[in-house]
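What follows is a set of notes on a single structure, which appears directly below.
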Amino acid sequence: MLGRWLTEPHVAKWWGEADEELEGIESAMTSVETRALIVELDGRPIAYLQSYDPHLEPGHPYQDQPPGTLGVDISIGDPVLIGKGHGSAIIRQFCAGLFAGGASRIVIDPDPDNAQAIRAYEKAGFRFLERRQSIYGPAHFMALDKPEETDLP
């Protein structure tokens, strides 16, 4: 299923070669620093989601972020579900769980040309920090900080 998703044009445009990416995801699923998940909607798998701690990965470029920072990545697999608000809703819900679990900041790094993803992350509350160079190329580096107790309704 993941291999098929990685070949979908809306995913392949932002990821690398499908077999290599699938190998990387499989490796991440067994690593200590990465939590890999499949998101379901009405019992049907629709997206790949992962969180990771950049401080646990030697030489990770986001180790300059404060302790308690986690990174996230998401790809919606089914092209029919793109542009319907699922990405921002999934990220918003996932980040709330990460904050409840002790995270203080969440970062995400879409490609600067991926305007649709950037809009989805902005809708989820992320703000642009800076343009960076990641191991995958240029990144529109964004962050979402844990809300203060006074910010909660």
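The values are calculated or read from the model by the stated rules, or taken from the named source; none is laboratory data. Source: prediction; values computed, not measured. No Cβ is skipped: glycine too gets one built from the backbone with ideal geometry, and neighbour counts run over all protein chains shown.
Descriptive notes on the structure:
- Evaluated against (1) more than 21 Å from residue 133 (Cβ to Cβ); (2) touching a Ser or Thr at 6+ places or on another chain (Cβ under 7 Å); (3) not in a helix (DSSP H, G or I), residue 5 falls short on exactly one condition, (3).
- Taken as a whole, the structure places residue 117 among residues that are at pLDDT below 95, closer than 23 Å to residue 82 by Cβ, aliphatic (A, V, I, L, M) and not in a strand (DSSP E or B).
- For the range 60-67, the criterion of being within 18 Å of residue 146 (Cβ to Cβ), surrounded by 14 or more Cβ atoms within 10 Å (Cβ to Cβ) and modelled with pLDDT of 90 or more is satisfied by at least one residue.
- Output for the range 9-40, where each listed residue is among the acidic types (Asp, Glu) and either surrounded by 16 or more Cβ atoms within 10 Å (Cβ to Cβ) or part of a helix (DSSP H, G or I) (or both): 19, 20, 21, 23, 26, 33
- Scanning the range 97-153 for residues that are polar (S, T, N, Q) and over 23 Å from residue 10 (Cβ atoms) returns 104, 133, 150.
- Index of the failed condition, residue 144 passing every other in (1) loosely packed, with under 14 Cβ neighbours inside 10 Å; (2) part of a strand (DSSP E or B); (3) touching a Lys or Arg at 6+ places or on another chain (Cβ under 8 Å): (1)
- The range 41-62, subset part of a strand (DSSP E or B) and out of contact with any His (no Cβ under 9 Å at 6 or more places or on another chain), residue farthest from residue 74 (Cα to Cα): 44
- Scanning the range 30-55 for residues that are closer than 17 Å to residue 3 by Cα and small (Gly, Ala, Ser) yields a count of 2.
- Cross-chain or 6+ apart pairs with Cβ under 6 Å, the range 15-39 first and within 19 Å of residue 60 (Cβ to Cβ), then of a type in the set (Val, Ile, Thr) and surrounded by 13 or more Cβ atoms within 10 Å (Cβ to Cβ): 28/34
- Residues that are over 20 Å from residue 57 (Cα atoms), buried (at least 19 other Cβ atoms within 10 Å of the Cβ) and among the β-branched types (Val, Ile, Thr) within the range 70-125 comprise 76, 90, 91, listed in sequence order.
- Of all residues in the range 40-58 being touching a residue at least 40 places away in the same chain (Cβ under 8 Å) and of a type in the set (Ser, Thr, Tyr), the one that is nearest to residue 99 (Cα to Cα): 51
- Pair list, Cβ < 8 Å and 6+ apart or interchain, from the range 105-119 residues that are in contact (Cβ under 8 Å) with a residue 60 or more places away in the chain and within 14 Å of residue 131 (Cβ to Cβ) to residues that are surrounded by fewer than 17 Cβ atoms within 10 Å (Cβ to Cβ) and small (Gly, Ala, Ser): 111/137
- Set side by side, the residues 38, 46 differ, and just one is touching an Asp or Glu at 6+ places or on another chain (Cβ under 6 Å) and closer than 21 Å to residue 80 by Cα, which is 46.
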